[in-house]
Amino acid sequence: MKPDAYAPAPETRIEHPEWSVNATIYQINTRQFTPEGTFRAATEHLPRLKDLGVTILWLMPIHPIGVENRKGGLGSPYAVRDYYGVNEEFGTLEDLKAFVDAAHEQGFKVILDWVANHTAWDNVLVTEHPEWYARDYKGDFSPTPWWDWDDIIDLDYSSRDLREYMTRAMRYWVEDVDVDGFRCDVAGFVPTDFWDQVRAELDTVKPVFMLAEWEARDLHEAAFDMTYAWSWNDTLHKIAHGKAGVDALRVYYAWDAKAYQRDSIRMLFVSNHDKNAWEGTEYEQFGPALDAAIVLSVVSKGMPLVHNGQEAGLDKRLKFFDKDPIEWQAHPMGDFYRRLIDLRTRTTALWSGKHGAPMVNVPSTDNDSLLVFVRQDEATKVFAAFNLTPETVSGTLQESLFPGRYTDFTTGETVTLDDGHELTMEPWSYLLLLAEGDGVEVDPELHPMA
């Protein structure tokens with residue numbers, strides 16, 4: 001039978017691993033994660049991370065680091081010297097396997113940071129396969145153009161043999177070490193068809209989760225489950241510093257809803273290793289808007305990221321090229337994240353991609369200050385409101401989606417929203433309500449109370 005030329009093609013050709021749809025991702029910088037800076041020491045934190053509620057552990061690059069043109073005392077983990085090796089600073093291959101096994105036993109999945117765009121100057125491939133590298137106009141090895149990445153040189157993906165080598169190397173870590181996927185550095189600097197082929201091959205081993213450090217619709221079609229929402233973070237940062245209004249965030253949500261596939265997952269974050277090291281801590285980035293930004297990262301369409309140390313109130317910029325351990329302590333931010341992650345894990349409307357409910361805008365008479373939306377499926381309903389200004393504001397809610405009886409996430413009190421409800425909110429505040437009744441069957445166990 002002749003195919004229908006007018007039938008829409010599937011938006012995506014991959015299925016997210018079942019374990020990822022309600023997951024929260026956690027980034028581990030092994031060097032700074034513990035005073036020892038080893039896989040063995042990191043393993044001791046697994047029970048604490050399980051209690052926090054995160055489920056995907058992202059390890060920053062674990063490979064040996066280049067010495068030639070190294071930056072700082074220890075170098076950048078993104079200057080890879082051997083794709084099949086383990087950085088002895090962190091331990092041995094057996095130590096890494098033990099970490100992965102221990103993580104699996106406690107219900108985690110583990111993904112590795114993969115640097116496919118470039119290598120260290122003294123990577124083993126420089127000698128073995130110099131023809132796999134990009135060259136500048138003089139015919140010399142070349143760092144990525146226009147960046148200050150002097151410690152690395154670019155690979156050339158017009159080489160068929162390089163593609164095979166890189167695919168086999170990634171497959172090795174899935175087959176032999178049992179990792180569950182990859183976070184791919186500057187994924188947009190590498191041809192998309194390479195990533196498509198890699199994903200197809202890795203999925204023959206087991207279902208993997210792939211995160212791209214990039215923003216592009218085509219990466220979701222056949223390669224990546226999740227891409228960075230850099231523009232979401234940048235927009236919120238501008239709002240927090242008075243350089244943009246809440247409409248800028250509506251522009252992001254409109255763009256995400258129409259330009260990205262329904263089943264795409266965007267990674268939402270208030271911090272990561274790049275932001276922390278080069279632009280400032282989350283406290284510097286968001287100031288009094290931080291709590292609202294964190295809540296928005298959890299209840300918006302996407303998947304929240306926790307950067308190691310956030311749960312301990314990390315308020316320093318971690319050094320990138322030298323040892324600078326996180327100072328672990330009990331902190332209110334830990335309880336804050338724990339409750340929010342539990343809410344996301346248990347509330348189906350907040351799940352990722354097609355498994356969660358769309359965000360539906362609730363207009364008000366003060367759209368210039370208030371961002372209000374509802375996410376609702378057959379089982380759960382979440383009402384979220386944010387005052388993203390330094391002033392106390394009031395606005396009358398409009399349309400018919402929001403009325404109903406709810407439980408306040410913060411206080412545990414019952415709240416009723418009637419037609420024409422007037423919402424008054426303090427500066428940089430949020431209101432998070434969970435549905436009761438009104439045709440929505442809600443298991444009370446799904447909603448933690450204060």
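The values are calculated or read from the model by the stated rules, or taken from the named source; none is laboratory data. Fair warning: this is a prediction, and the values are worked out from it, not measured in the lab. So basically every Cβ, Gly included, is an ideal-geometry build from the backbone, and we count neighbours across all protein chains shown. Heavy atoms of the whole protein, side chains included, go into the accessibility calculation; ligands, DNA and RNA do not. Shrake-Rupley method; radii C 1.70, N 1.55, O 1.52, S 1.80 Å.
Build a GNM of the chain with springs between Cα atoms under 10 Å apart, and of Pro304, Pro145, Pro363 the one that fluctuates most is Pro145. Per-residue ellipticity at 222 nm from helix content only, as computed over the chain with -39500 (n - 2.57) for each DSSP H run of at least four residues, stands at -7500 deg cm²/dmol. Quick one: which of Lys71/Lys109; Lys206/Lys323; Lys243/Lys275; Lys109/Lys301; Lys243/Lys354; Lys71/Lys275 span more than 27 angstrom between C-alpha atoms? Flagged as over cut-off: Lys71/Lys109; Lys206/Lys323; Lys243/Lys354. Report note on the peptides 394-405, 20-31, 205-216: ranked by the mean count of other C-beta atoms within 10 Å, highest first, their order is 20-31, 205-216, 394-405. May I ask for the angle, rounded to the nearest 10°, between helix 290-299 and the longest principal axis of the chain, with both axes built from Cα atoms and the value confined to 0 to 90°? That helix lies at roughly 90 degrees to the long axis. Loop-located chymotrypsin sites (Phe, Trp or Tyr not before Pro) in segment 79-139 (DSSP state other than H, G, I, E, B) with a sparse environment of at most 13 neighbouring Cβ atoms within 10 Å: Tyr84, Tyr137. Against the main long axis of the alpha-carbon atoms of the chain, helix 247-259 sits at an angle near 60°. Please say if segment 200-286 is rounded, prolate or oblate, where rounded means a/c under 1.5 for a ≥ b ≥ c the square roots of the C-alpha gyration tensor eigenvalues, and otherwise the choice is prolate for a/b larger than b/c and oblate otherwise? Oblate. Stretching the chain fully between Glu378 and Asn69 yields a gain of 105.6 nm (0.36 nm per residue, less the alpha carbon separation).
The length gained by stretching the chain between Glu164 and His331 to full extension, at 0.36 nm per residue less their Cα-Cα distance, is 55.4 nm.
Take Asn361 and Ala257, extend 7 Å from each Cα along the Cα→Cβ direction, and tell me the distance between the two endpoints in nm. If labels sit at Asn361 and Ala257, their model points lie 0.7 nm apart. For an R0 of 22 angstrom, estimate the FRET efficiency from the Cβ-Cβ distance between Lys319 and Gln197 and round to the nearest 0.05. Rounded to the nearest 0.05, the efficiency is 0.05. Measuring nothing but protein heavy atoms, the accessible surface of segment 54-174 at 1.4 Å probe radius is 50 percent carbon and sulfur. Take every Cα pair under 8 Å whose residues are at least 6 apart in sequence, average their separation, divide by the length of segment 202-288, and the relative contact order is 28 percent. With a Förster radius of 35 Å applied to the C-beta separation of Glu89 and Thr144, the computed FRET efficiency comes to 0.90. Between Val415 and Lys97, the FRET efficiency estimated from the beta carbon spacing at R0 = 30 angstrom works out to 0.05.
Taking Cα atoms only, the orientation of helix 230-240 departs from the longest principal axis of the chain by about 50 degrees. Mean sequence separation of contacting Cα pairs (under 8 Å, at least six apart), scaled by the length of the chain, corresponds to a relative contact order of 14 percent. Full extension of the chain between Gln398 and Thr127 yields a length gain of 90.9 nm, computed as 0.36 nm times the residue separation minus the alpha carbon distance.
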